[in-house]
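Here is the structure we will look at, set down as structure tokens.
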Amino acid sequence: MILNKKRWLTAGVATVLATSMLAGCGSSATPKAPEPGNAAGGAAAKPFDGKKLTVVTANHPWGEAIKPLIPEFEAKTGMKVEMQSFFEDQLTQKLTVQFTSSSATPDVFMYRPLQEGKLFFKNGWVAPLDEYPQKDASYDFNDFSKSAIGSTTVDGKLAGIPIITEQEILYYRKDLLQKAGIAVPKTLDELTAAVKKLHDPKNEMYGFVARGQRSPLVTQVSSFLFSEGGDFTSGDKATVNTPEAIKAFTTYSSLLKDYAPPGVLNMSWPQAFGIFAQGKVAFLTDANSLYKNVTDKEKSTVADNVGFALFPAGKAGSKPYNITSWGLAMNSKTANKDASWEFIKWATSKDVVLKTQKLGNPGARASVWDNAEGTSGFPAEMVQVIKESSKGGVDHDRPVLIGVGEARDAVGAIVLQGMTGGDIKAAADKANSELQVIMDKEKGK
């Protein structure tokens, strides 16, 4: 059913600070781009001559990579692009303020599909893009990872185009495994055994580390959950208290409780990667996109001994998340829809994805991952892991709900109970009830 827009606007905007509106301007109706094969030269060569687009990005490496390429786009189309960038939380606040006031700008914006995508779409702030990729065969929409497209799809509608992807992988210390004669774990049971064998806290060597903070840990426990055959929800039902879910939460919490460094309850990814980089941990599971934190010799004492492996298999096999962490979307109120799509199409084209991926921004196009030039910015071992992870990955890493913050807190509490020696089954039952309430509320029940 259609959600009550005012209700969700209240929920989405309540915490937004009173900030000034983003600068921008509307414009008249946008001319259509010429069909492929039209005569070059004159107005046809620059169908958007004189148009101005406002494009908003996060302060992210992708934004830095795309900026130097903008003159190329402007010269090709005749458009003028105004780029604005903000820190992540500030970006969400700015966009919420703009969209709440029905602003026609920004025309195109960078967003986090699994964090705010559903809210933005349900509120009518995002223009569905389904018709656009089919207009130009050379765009080759089928080249995008299905899981990555799944992350940007809401209620069967294409809400955005992927620009940054992530998979959960296993980081490990090559030297420690070699010295102990341990093979790289291929299953969660093998991981637990290897962690136990390498755990030596008396010598400040810990077997395992991952995110232990209540909300941040949810995205990383997700791959444990999927690999055991579970999920956060199934249809309209919460499913975080199934046997598969309890097995996954038990494994993750036990690894952290029994084999992680002190203070793991307060660790998100910076702390987890930091202590691994200090040479004090044998195994780490987290996003592949963060790998430079342990391979950069200026940050890591073990840079030459870091290995990368496919996420270990559970009962259902190896099923890591394979998500779009950042995408590009179109403002539903823009007066420049064709021009906005022209920018999105260009920024996510094979040629531009190749250029941005070479700089370490993992894209969603299979052809670029199959291109040696496209993988030159990543360790060869990791490239193979990414390509394999993309084959069977899951398109979400958290409950896909408008109230995603509440949902993450509910699920995270299960793991915290396990890490502190509590009753996981009781915690899972409580969390399942809380998650169901959130889901029912969003369904209007």
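Could you order peptides 110-120, 128-138 by the average number of other Cβ atoms within 10 Å of their residues, highest first?
110-120, 128-138
So what are the radius of gyration and Dmax for the Cα set of the range 337-445, in Å?
20.4, 56
Compute the Rg/Rh shape ratio of the range 89-132: radius of gyration over Kirkwood radius, all on alpha-carbon atoms.
Computed over Cα atoms, the ratio is 0.93.
Where does the range 388-427 land on Rg/Rh, using Cα atoms and the Kirkwood Rh?
With Rh from the inverse mean 1/r over Cα pairs, Rg/Rh is 1.13.
What Rg and what Dmax come out for the chain when only alpha-carbon atoms are used, in angstroms?
Computed over the Cα atoms of the chain, radius of gyration and Dmax are 22.7, 75 Å.
Could the peptides 388-399, 433-444 be put in order, highest first, of the mean number of other beta-carbon atoms found within 10 Å of their residues?
In decreasing order of mean packing, 388-399, 433-444 become 388-399, 433-444.
How large is the translational diffusion coefficient of the range 275-429 in µm² per second when you combine the Kirkwood radius over alpha carbon pairs with Stokes-Einstein at 20 °C and 1.002 mPa s?
Diffusion coefficient, whole number: 114 µm²/s.
Bin by bin, in steps of 10 Å, what percent of the Cα pairs in the range 176-298 do you find, going until the bin that has the longest distance?
The percentages, shortest bin first, are 13, 42, 34, 9, 2.
Please report, to two decimal places, log10 I(q)/I(0) for the range 200-249 at q = 0.16 Å⁻¹ as given by the Debye formula with identical point scatterers on the Cα atoms and no solvent.
Taking Cα atoms of the range 200-249 as identical point scatterers yields -0.54.
Which percent of the Cα-Cα distances in the range 286-374 go past 20 Å?
So the pairs more than 20 Å apart make up 57 percent of the total in the range 286-374.
Restricting everything to alpha-carbon atoms, can you work out Rg to Rh for the range 225-265 with a Kirkwood hydrodynamic radius?
That ratio is 1.11, to two decimals.
Between the range 237-294 and the range 348-381, what is the separation of their alpha carbon centroids in Å?
Computed from Cα coordinates, the inter-centre distance equals 28 Å.
Going toward the positive end of the dipole of the range 218-370, with +1 on Lys and Arg Cβ and -1 on Asp and Glu Cβ, which of Gln357, Ser268, Ser222 do you reach last?
Value computed over the given set: Gln357.
Obtain the nm distance between the two label points defined at Asp296 and Phe87 by a simple spin-label model: each point lies 7 Å from its Cα along the Cα-to-C-beta direction.
Simple spin-label model gives 1.8 nm for this pair.
With only alpha-carbon pairs counted, each pair once and no self-pairs, how large is the Kirkwood hydrodynamic radius of the range 56-161 in angstroms?
Here the Kirkwood hydrodynamic radius works out to 15.2 Å.
List, largest first, the extents of the alpha carbons of the range 247-337 along their principal axes, each in whole Å.
The Cα atoms of the range 247-337 stretch 56, 39, 26 Å along their principal axes.
Counting only helical runs of four or more DSSP H residues, what would the 222 nm mean residue ellipticity of the chain come to if each run contributes -39,500 (n - 2.57) and the total is spread over all its residues?
Counting only the DSSP helices, I get -12000 deg cm²/dmol.
Using only the C-alpha atoms of the range 296-346, find the volume of their convex hull and express it per residue in Å³.
Per-residue hull volume (Cα only) is 194 Å³.
Can you tell me the orientation of helix 337-347 relative to the chain, as the angle in degrees between its alpha-carbon axis and the longest Cα principal axis, to the nearest 10?
Approximately 50 degrees, to the nearest 10.
Which order do peptides 215-222, 180-187 fall in by mean Cβ count within 10 Å, highest first?
The packing order, highest mean first, is 215-222, 180-187.
What share of Cα pairs, in percent, lie more than 25 angstrom apart in the range 84-223?
51
Coordinate-derived values only; no laboratory data. Note that this is a predicted model, so its numbers are computed, not measured. Cβ: placed from backbone, ideal geometry, glycine included. Neighbour counts: every protein chain shown.
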